[in-house]
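Derivation of every value follows stated rules applied to the coordinates shown; laboratory data play no part. In this text the structure is predicted, and so the values were computed from the model without any measurement. Cβ: placed from backbone, ideal geometry, glycine included. Neighbour counts: every protein chain shown.
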Amino acid sequence: MLEDLDLNSIADERARELVRRLLNLLEDVLADLRAAQAENQRLRDEINRLKGEQGRPQVQSNTPQPPSTDHSSERERYKPKAWSKGRKTDRIPIDRELVVEVDPACLPPDAVFKGYEDVVVQDVSFRTDNVLFRKEKFYSPSQHQTYLASLPLGYSGQFGPGLKSLALVFYFGAQMSEPKVAELLRSVGVQISDGQISNLLIKDQAVFHAEKATLYQAGLASSPWQHLDDTHTRVHGQNGYCHIICNPLYTAYLTTEAKDRLTVIDVLTNQWPRRFLVNAEALGYVGAWGLSAVRCQQLEQLPRDVLMDEVTMQAHLEASLPGVGPQQRKWILDATAVAAYHAALEFPVVRLLVCDDAPQFTLVTEELGLCWVHEGRHYKKLVPYVPHHQALVADFVQRFWGYYDQLLAYREQPAPEEAMRLDGEFDTLFSTVTGYDALDERIAKTRAKKPCLLMVLSHPEIPLHNNPAELGARARVRKRDVSFGPRTREGAQAWDTFMTLAETATKLGVSFYHYIHDRVSGAYQMPSLADLIEERAKLLNLGASWNTS
């Protein structure tokens, strides 16, 4: 069979080249066939669903199956670690002590007391604590006024701070659905309706929204680099996107209707009103993107080096660039918005993004660090049919992750001479020509991303992957799977706020429940998460290479 031929065994170069082309043609045909079969099966399943039936079940079979959609590289990157069980008894706070006595009837006459043997047992108490407040009331005939005692701090409405805090923690921290939160509270005797549960979760949360805003500001200021990713979400049945921004100290969530470059800037400025700036930087961008010379000259006539809001910018475009097409308008708005972002003083400006290679992330920051794990997935998606091609892919993937391990070692001990060596080895590895066209095309695409993939050589403090943001996105996906999605903009804001607080508290080692209860009760004895981020940032120095440059 053609696919079983060994190219190395063919002596004639022309014949070997002909066989190589035939094998690549076979791969292309089989790839198209697999795609058509998968699409046909998807359509059959959809037809069956519309008929009220079920699609084909996923069962084990000896017949060829579509390629797996699991493109994880965990197996290639896994490094076993020594396991040891840590002690926990000394970390358990003791709430009360009880002396357990031996029944005197069981003791012989000569028994001598030898002290105690301590056993720590952890337990919780989950029950109602319903309070009847009898508020004193006085009336002054002379003042014609009634004086009524106020409820203790933290108490308002029909529910106390403990119940309000638990509802928030169950829903956002434990990611329970609203019906399950209601079911659990009712199981211990709480009389509460579904509507009241919803109100507790999203209404009157201005305090927490403000804390989230200051937390996000502190997170952006804590390092000049940030992770960024996004995932699909729905608000009242409408498609949207949830953006995840993070670094080792925090994780923030922002839900938007789009995910283009202007929206990315909105996210990095925490929805600050859009600003636009016509300057040399913006003109350079539009020229590189292909804006015509005539349009560039018209754009130069706009007010230079002056920050403009969106209404003013659109008015200038209508007046000075009449009839500009939608693509050219997008280039102009993107370029001037990026220039305005880089010149901003109202908020911390991110200098480097660690992300995937989606086009909307380019140019937003001065530098871009691409995710190696995301790049490795492209190679996992190659599913060759010919055994020779399978061996080529497996060999190159092994070399790919071997080089990745060298970059990991460089992060631990960076040195200029090692950076030069790794730079040269990148060129060697990604100049490989295997003869398998799909693999060679993929290698060439990786080689074109060299400056972004090797950003770690100049900034060894940044990670080689975007896993922290993807893990943050996974938390949102789990919440979406349980609760589908918020039904109002107010609900979407609550999702963003409390998921930000929950994920950040976890990173900082703060109890999410205790933090929420501290704020709901009005005690404010715990420091804000923003203050903790600022303190940890000074200790970790996440912008080491910028500080020394």
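Suppose a student asked you for the relative contact order of the chain, using Cα pairs under 8 Å spaced at least 6 residues apart; what percent would you report?
The normalised contact order for the chain reaches 22 percent.
Quick query: amide H of VAL354 versus all other amide H atoms, modeled in the peptide plane; which residues come in under 5 Å with a sequence gap of 5 or more or a different chain?
The list, which skips near neighbours in sequence, is GLN226, HIS227, LEU228, GLY369.
From the alpha carbon gyration tensor of region 257-299, can you work out the equivalent ellipsoid semi-axes (sqrt of 5 times each eigenvalue) and give them in Å, largest to smallest?
Semi-axes (√(5λ), whole Å): 25, 12, 8.
Using only the Cα atoms of region 371-462, what semi-axes does the equivalent ellipsoid have when each is the square root of 5 times a gyration tensor eigenvalue? Give whole Å, largest first.
26, 12, 11
What's the ranking of 247-253, 230-236, 417-423, 99-105 by average number of surrounding C-beta atoms within 10 Å, highest first?
247-253, 230-236, 417-423, 99-105
Rounding to the nearest 20 debye, state how big the charge dipole of region 289-408 is about its Cα centre with +1 on each Lys and Arg Cβ and -1 on each Asp and Glu Cβ.
For this selection, approximately 440 debye.
Residue by residue through region 322-338, what is 3J(HN,Hα) from phi via Karplus (6.51 cos²θ - 1.76 cosθ + 1.60, θ = phi - 60°)? Round to whole Hz and write x for glycine and proline.
My calculation for region 322-338 gives x, x, 5, x, x, 5, 5, 4, 5, 4, 5, 5, 4, 5, 6, 5, 4 Hz in order.
What number, in percent, do you get for the relative contact order of region 384-463 if the mean sequence gap of Cα pairs under 8 Å and at least 6 apart is divided by its residue count?
After rounding, I find 34 percent.
Could you give the C-alpha radius of gyration of region 267-422 expressed as a fraction of 2.2 N^0.38 Å, taking N as the number of residues it contains?
Ratio of Rg to 2.2 N^0.38 Å for region 267-422: 1.45.
Once phi is turned into ³J(HN,Hα) by the Karplus curve 6.51 cos²θ - 1.76 cosθ + 1.60 with θ = phi - 60°, what whole-Hz value does each residue of region 250-256 show in order, with x for glycine and proline?
Along region 250-256, the couplings run 7, 9, 10, 10, 9, 9, 9 Hz.
Could you pull out the pairs from LYS88/LYS212; LYS88/LYS479; LYS259/LYS479 whose alpha carbons sit more than 22 Å apart here?
LYS88/LYS212; LYS88/LYS479
Could you give the dipole magnitude of the chain about its Cα centre, charging the beta-carbon of Lys and Arg +1 and that of Asp and Glu -1, in debye to the nearest 20?
1200 debye
Pull out the extension gain between GLN217 and SER156, defined as 0.36 nm times the separation in residues minus the alpha carbon to alpha carbon distance; nm, one decimal.
Computed gain between GLN217 and SER156 is 18.9 nm.
Report, to one decimal in Å, the Kirkwood hydrodynamic radius for region 209-358 based on all distinct Cα pairs.
This gives a value of 16.6 Å.
Work the Kirkwood hydrodynamic radius out for region 438-486: mean of 1/r over every pair of different alpha-carbon atoms, inverted, in Å.
13.7 Å
Over the Cα atoms of region 404-449, Rg to Rh with Kirkwood Rh, two decimal places?
1.08
Take peptides 25-34, 506-515 and line them up by average Cβ neighbours within 10 Å, highest first, as a rough protection proxy.
Per-residue Cβ counts within 10 Å, averaged per peptide and sorted highest first, yield 506-515, 25-34.
Over region 406-549, what is the relative contact order in percent, taking alpha-carbon pairs closer than 8 angstrom and at least six residues apart?
Computed value for region 406-549: 21 percent relative contact order.
Please report, for the Cα atoms of region 410-549, the Rg to one decimal and the Dmax as a whole number; what are they, in angstrom?
Over region 410-549's Cα set, Rg and Dmax evaluate to 21.9, 69 Å.
Collect residues whose amide H, placed 1.01 Å from N in the peptide plane, falls under 5 Å from the amide H of THR255; neighbours closer than 5 in sequence don't count.
Under 5 Å from the amide H of THR255: HIS243.
Rounded to the nearest 500, what is the chain's calculated 222 nm mean residue ellipticity when only DSSP H runs of at least 4 contribute -39500 (n - 2.57) each, over all residues?
For the chain, the value works out to -15500 deg cm²/dmol.
If you plug each phi of region 467-480 into the Karplus form 6.51 cos²θ - 1.76 cosθ + 1.60 with θ = phi - 60°, what whole-Hz ³J(HN,Hα) values come out, in order, with x for Gly and Pro?
Karplus-based 3J(HN,Hα) across region 467-480 equals 4, x, 5, 5, 5, x, 5, 4, 4, 5, 5, 4, 5, 5 Hz.
At 25 °C and 0.890 mPa s, grab the translational diffusion coefficient of the chain from Stokes-Einstein with a Kirkwood Rh over Cα pairs, rounded to a whole number in µm² per second.
Using the Kirkwood radius from Cα pairs, D works out to 85 µm²/s.
Which translational diffusion coefficient, to the nearest whole µm²/s, is obtained for region 127-206 from the Stokes-Einstein equation, given a Kirkwood hydrodynamic radius over C-alpha pairs, 10 °C and 1.306 mPa s?
D = 108 µm²/s.
Taking every pair of alpha-carbon atoms in region 281-353, give the share separated by more than 18 Å as a whole percent.
Of all Cα-Cα distances in region 281-353, 37 percent exceed 18 Å.
Under 5 Å between amide hydrogens, which residues at least 5 positions from VAL235 or on another chain qualify, with H placed 1.01 Å from N in the peptide plane?
It is GLY240, by chain and number.
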